[in-house]
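Shown next, in structure tokens, is the structure this report addresses.
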Amino acid sequence: MRKILSFISLIISTIFLSTVFIIVSLFDRKGEKIHRIRRFWAGLHLKVCGIHVSLKGLDNIKKPPYIIMCNHQSALDIYALLSSLPLPFKWIAKRQLFFIPFIGWVMKSAGDISLDRENPREALKAIEAAVRKIREGTNIIIFPEGTRSKDGTLLPFKKGGFSLALRAGVPILPVGICGTNRLQPKGSFIPLEKGVIYINIGEEIYIADKGRAAKTEVMNTVRAEIERLIRGRGKTVE
């Protein structure tokens, strides 16, 4: 019964709030109201599904804007981050998502950045757009694995996000997410059970003094920190 209710609630809330969202986006140039609507939508979905988010490491959020980098286990990661992180942010997402009815329309209206991985020229334009947004004070979220991990193990990181980070020159905020792959495995449209999602925020990683040649070094540093946060060994985790 709960799964049926979760499915119906997600469909109805997505359609209704997407319509509200698109209308609000015409008047909300700063994006503050837009983010609050998305936050409400994500929190509503998690509540109906019986899922709670445990968030640690808020003291590590000091001087945004950031490029926030997270591991990616499940579609639930999106809801968990939207509902719990106390920062407005934009997504960098693959181009195909922007063609999904309602979801894609909202992403476009919100100013999320479309990345066409099969077209290097368009991908470069997306990176330049992201750099401009970040320098103007926008926080960006990236899943450096590029896709969801089936078992929660970190997949190899793609270098594109680190090229963006070094061009923008703002700190990277590492975030570890635990539990979402168990609650909603890859391929599931809704969560299969109730439970808790754990989000651990790490310390800022400063890269302003790094050259572009430091891409691999920065990537390895971020990966190591996210691994510690996932395993509960980060400084922010009790």
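Nothing in this text is a laboratory measurement; each read-out follows from the coordinates by a stated rule. Because the structure is a prediction, the values reported are computed rather than measured. Virtual Cβ from ideal backbone geometry, glycine too; neighbours counted across all protein chains shown.
Summary table
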{"read-out": "The chain - mean residue ellipticity at 222 nm from DSSP helices (-39,500 (n - 2.57) per run, n ≥ 4, rounded to 500)", "value": "-14000 deg cm²/dmol"}
{"read-out": "Among Trp41, Pro191, Ile142 the positive-end extreme of the charge dipole of region 2-231 (Cβ point charges)", "value": "Trp41"}
{"read-out": "Förster radius 30 Å - calculated FRET efficiency between Glu227 and Leu44, Cβ distance, rounded to 0.05", "value": "0.40"}
{"read-out": "Isotropically averaged projected area of region 61-120, using the convex hull of Cα atoms (one quarter of hull area), nm²", "value": "5.2 nm²"}
{"read-out": "The chain, dipole about Cα centre (Lys/Arg Cβ +1, Asp/Glu Cβ -1), debye to the nearest 20", "value": "200 debye"}
{"read-out": "Backbone N under 16 Å from the Lys108 label point (7 Å along Cα→Cβ), restricted to region 1-25", "value": "18-25"}
{"read-out": "Semi-axes of the equivalent ellipsoid for region 73-190, Cα gyration tensor, largest first, Å", "value": "23, 17, 15"}
{"read-out": "Volume per residue of the C-alpha convex hull in region 26-79, rounded to whole Å³", "value": "128 Å³"}
{"read-out": "Neighbourhood charge, 11 Å Cβ-Cβ cut-off, centred on Tyr79 and excluding it, Lys, Arg +1 and Asp, Glu -1", "value": "+2"}
{"read-out": "Dimensionless Rg ratio for the chain, taking C-alpha atoms and the 2.2 N^0.38 Å reference", "value": "0.97"}
{"read-out": "FRET efficiency for Ser13 and Ile100, using Cβ-Cβ distance with R0 set to 22 Å, rounded to 0.05", "value": "0.90"}
{"read-out": "Region 175-198 versus region 126-172: alpha-carbon centroid distance in Å", "value": "22 Å"}
{"read-out": "Region 140-238 - convex hull of alpha carbons, volume per residue in Å³", "value": "100 Å³"}
{"read-out": "Whole-Å semi-axes of region 1-139's equivalent ellipsoid (Cα gyration tensor)", "value": "25, 19, 16"}
{"read-out": "Filter on Lys158/Lys194; Lys133/Lys159; Lys33/Lys108 - keep pairs with C-alpha separation over 22 Å", "value": "Lys158/Lys194"}
{"read-out": "HN-Hα J in Hz across region 9-17 - Karplus 6.51, -1.76, 1.60, θ = phi - 60°, x for Gly and Pro", "value": "4, 5, 5, 5, 5, 5, 5, 5, 6"}
